[in-house]
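Below you'll find the structure, written out as structure tokens, and then a few comments.
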Amino acid sequence: MRARLVHSSPQRLRRAAIPLAALPLLAGCGTSHPSSGALKPEGSFATGGTAAPATTAPAPSAVPTAQLYKTVVQRYRDYQAAYKQAYATNDPSGLPAVATDPLLAQLTKDIESTKAKGEIWRFANTYNPRVYATSKDATKVYVIDCVRTLAAYRYSAKTGKRTAEAPGGSFIYRSTVQYDSGTWKVAASVQDRAC
């Protein structure tokens, strides 16, 4: 079976929206060596006093698996909520907190296109996300979800009247949630077969 990239066109209403809330990353003071690209704070203050302890968010590979999965699934759900809100308001400004490129660019372009047509999409989906794989360094976690569209309607942005109804359906979506600048964001989503 070959998976296809999800194009978030409201006309298809095969939504895989996945909002994610930002996780705080506390960076420590000191110098870091850019050899591996990983943040490794070390050193002391130049004031001559004692060194303050450096506090950093743990790398994804250092987080216990159950906690990692719980965090990633919550971020996926946050992405879904932001996605739904972005289409309901034709405003993609909430998506950068929960999505990253290339998905972010695709969604922003589609929302701007929908807005230019004078349309608004509103829909109700149910989710059942599960983690099915992780990368070796645990910076990418792969989520599978049976997304069921219960209702989907297109409205005129000018009049507010409903202009169309799209059929519901259930499809499996496979999404990549990646660790980006101290937080988890959805980077890709692929629609698979019906579920």
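The values are calculated or read from the model by the stated rules, or taken from the named source; none is laboratory data. Here the structure is a predicted model, which means the values were calculated and not measured. For neighbour counting, all protein chains shown are included, and Cβ atoms are generated from backbone atoms with ideal geometry for every residue, glycine included.
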**Prompt:** How many of the residues in the range 105-127 are within 18 Å of VAL147 (Cβ to Cβ) and touching a strand residue (DSSP E or B) at 6+ places or on another chain (Cβ under 9 Å)?
**Reply:** 9
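Residue-by-condition table, conditions (1) crowded, with 16+ Cβ neighbours inside 10 Å; (2) of a type outside the set (Asp, Glu); (3) in contact with a Phe, Trp or Tyr (Cβ under 9 Å, 6 or more places away or on another chain):
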site	(1), (2), (3)
LYS136	no, yes, no
TYR142	yes, yes, yes
VAL147	yes, yes, yes
LEU150	no, yes, yes
PRO167	no, yes, no
ILE172	yes, yes, no
SER175	yes, yes, yes
THR183	yes, yes, no
**Prompt:** Name the residues in the range 96-105 that are assigned to a helix (DSSP H, G or I) and farther than 16 Å from GLY182 by Cα, would you?
**Reply:** LEU103, LEU104, ALA105
**Fill in**
Checked the range 156-172 for anything within 29 Å of ASP192 (Cβ to Cβ) and of a type outside the set (Val, Ile, Thr); matches are ALA164, GLU165, ALA166, PRO167, GLY168, GLY169, SER170, PHE171
**Asked** Hey, LEU103 hits all of (1) within 18 Å of ALA82 (Cα to Cα); (2) within 13 Å of the chain's Cα centre (by Cα); (3) modelled with pLDDT of 85 or more; (4) surrounded by fewer than 20 Cβ atoms within 10 Å (Cβ to Cβ) but one; which does it fall short on?
**Response** (4)
**Message:** Every residue in the range 107-134 that is buried (at least 16 other Cβ atoms within 10 Å of the Cβ) and either part of a loop (DSSP other than H, G, I, E, B) or β-branched (Val, Ile, Thr) (or both), please.
**Reply:** THR108, ILE111, THR114, ILE120, TYR127, PRO129, VAL131, THR134
**Tally, over the range 71-93, of residues that are out of contact with any Leu (no Cβ under 8 Å at 6 or more places or on another chain), surrounded by 16 or more Cβ atoms within 10 Å (Cβ to Cβ) and assigned to a helix (DSSP H, G or I)** = 7
**Prompt:** If ALA157 passes every condition in (1) in contact (Cβ under 8 Å) with a residue 60 or more places away in the chain; (2) closer than 27 Å to PRO60 by Cα; (3) in contact with a strand residue (DSSP E or B) (Cβ under 8 Å, 6 or more places away or on another chain) but one, which one does it miss?
**Reply:** (2)
**Asked** Among the residues of the range 185-195, which ones are under 24 Å from ASP78 (Cβ atoms), in contact (Cβ under 8 Å) with a residue 60 or more places away in the chain and surrounded by fewer than 19 Cβ atoms within 10 Å (Cβ to Cβ)?
**Response** ALA187, VAL190, ASP192
**Message:** As an exercise: evaluate ALA97 against (1) within 12 Å of the chain's Cα centre (by Cα); (2) within 14 Å of TYR83 (Cβ to Cβ); (3) free of Cβ contacts under 8 Å to residues at least 40 places away in the same chain and give the number of the one condition it does not meet.
**Reply:** (3)
